[in-house]
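First the structure, in the form of structure tokens, and then the observations on it.
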Ligand SMILES: Cc1cc2nc3c(=O)[nH]c(=O)nc-3n(C[C@H](O)[C@H](O)[C@H](O)COP(=O)(O)O)c2cc1C
């Protein structure tokens, strides 16, 4: 465990509205404020609690489902629902005008965009926000049908393209230094030919921090080469210790300091005044996911059909499909395969797992004390450098997070009390 404090972000996805719980204050608030207004309000709450950044995942393949994402069936259309499909960069550009300090991390796919466009858009957000932009680099799991008739390239090709794409973007940012001369980059590579320089100079706040999501072998290698932080799908402590240790080793092998890369899992929390209430929030938050949907989730993640099995039947390691079977995300498939191989769980146990019902994110359910205890345990075990909050359950749960949990983390010395700088790079301690 390092001596620096935790790095904490807030996901601007409506995770607390999932499930079948009765309408609560958040819904009313969201309708009152409208699509952008509500996200601005969340960002202001996060800034008030001195969080490092707000974060917007983005999928271009249609409405997603799962924790950290939005289910297509669980709520009727509303202005706030529309926020799910908003272009993240435009949304964060609006948020930038209503906030002063908090970082703004947007997601842009290296599979579906040209690098010049992404370099320019990110640098524009950086200027609009006075140095607060961050880029979450994704290679995407689906959505190819919305860009051409070509199928999604293989993961290996996507990561090769991502590496070249990121080099080009960084070269473009460097090609036009603030107060200096702009020079062409004349890039010619496997995927791109880009002359440059970028039309807009680099903001003087310093380089734009890079985030990455995707933890297969190729994903880890890529993250270890370029990322300042990774958004991790980490369902349990052992998975966190393994991922963080491995990324730190890989970063060192590439000549970086292990501390240069932060592991930030999604933390899907359900907070209430009592454990019973919190457990009920958690139950309601998952009640819309019936057996059939969970069975379908297992099939789509690893290609295993368990539809005919009974709840107390065990899923043996030998039932796992050939590891070479193509999957949407090797990260999510590997996590679920690992759980089955190590535990040979009953169907009932398997269908309750975060890998099956919550995009493999870390789930913490209980009082403020309970969730703080989980955070401290994971931090002390070396599994995390911080987390990206995915509020679950209710508006009340989110209020407990901002009004009680965050101040407690600050009092304990685990989180800042005040911002020292006003750029995302300053919050992360990178120049
Ligand atoms: C925690 C997590 C979050 C992700 N978020 C996004 C996203 O917002 N948009 C997207 O297009 N892909 C997203 N992805 C997909 C990855 O970028 C990647 O395409 C996928 O995981 C396959 O890579 P892999 O072979 O390393 O698993 C995410 C993946 C993970 C693990």
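Summary of computed values
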{"item": "Per-selection Kirkwood Rh - the stretch 142-204 (Cα, Å, 1 d.p.)", "result": "13.3"}
{"item": "Label point distance in nm, residue 408-residue 31, each placed 7 Å from Cα along Cα→Cβ", "result": "3.3"}
{"item": "Within a Gaussian network of the chain (alpha carbon springs, distance under 10 Å), most fluctuating of 174, 136, 39", "result": "174"}
{"item": "Potential lengthening between residue 344 and residue 148 on full extension [0.36 nm per residue; Cα-Cα distance subtracted]", "result": "66.4 nm"}
{"item": "Rounded to 5, percent antiparallel among DSSP beta bridges of the stretch 83-195", "result": "35"}
{"item": "Stokes-Einstein D (µm²/s) once Rh is taken as the Kirkwood radius of the chain over alpha-carbon pairs, at 10 °C in 1.306 mPa s", "result": "72"}
{"item": "203, 187 arranged by Cβ crowding within 10 Å, fewest neighbours leading", "result": "187, 203"}
{"item": "The stretch 365-431 - convex hull of alpha carbons, volume per residue in Å³", "result": "111"}
{"item": "Sequence-separation-based contact order of the stretch 287-431, relative, with Cα cut under 8 Å and 6+ spacing, percent", "result": "16"}
{"item": "Cβ-derived FRET efficiency at R0 30 Å, residue 178 paired with residue 288, nearest 0.05", "result": "0.05"}
{"item": "Top of 147, 165, 401 by mean-square fluctuation, Gaussian network on the chain, Cα under 10 Å", "result": "147"}
{"item": "Value of relative contact order over the chain, rounded to a whole percent, pairs C-alpha under 8 Å and six or more apart", "result": "23"}
{"item": "Dimensionless Rg/Rh of the stretch 78-221 - Kirkwood Rh, Rg from C-alpha atoms", "result": "0.98"}
{"item": "Centroid-to-centroid separation of the stretch 315-362 and the stretch 177-252 [C-alpha atoms, Å]", "result": "28"}
{"item": "Extension gain from residue 381 to residue 97, taking 0.36 nm per residue of separation minus the Cα-Cα distance", "result": "98.4 nm"}
{"item": "Helix-derived mean residue ellipticity, 222 nm - over the chain, DSSP H n ≥ 4, -39500 (n - 2.57), to 500", "result": "-12500 deg cm²/dmol"}
{"item": "Beta bridge orientation in the chain: antiparallel %, DSSP, nearest 5", "result": "10"}
{"item": "Cα-projected label distance for residue 259 with residue 44, points at 7 Å along beta-carbon direction, nm", "result": "3.6"}
{"item": "Relative packing of 206-218, 335-347, 268-280, 353-365, which averages over residues the other C-beta atoms within 10 Å, highest first", "result": "353-365, 206-218, 268-280, 335-347"}
{"item": "Separation in nanometres of the label points that stand 7 Å from Cα toward Cβ, at residue 419 and residue 195", "result": "3.9"}
{"item": "Cα pair distances exceeding 19 angstrom across the stretch 218-371, given as percent", "result": "60"}
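Bear in mind these aren't lab numbers, they're just calculated from the coordinates by the rules spelled out. Please read all numbers here as calculations on a predicted model, not as lab measurements. So basically every Cβ, Gly included, is an ideal-geometry build from the backbone, and we count neighbours across all protein chains shown.
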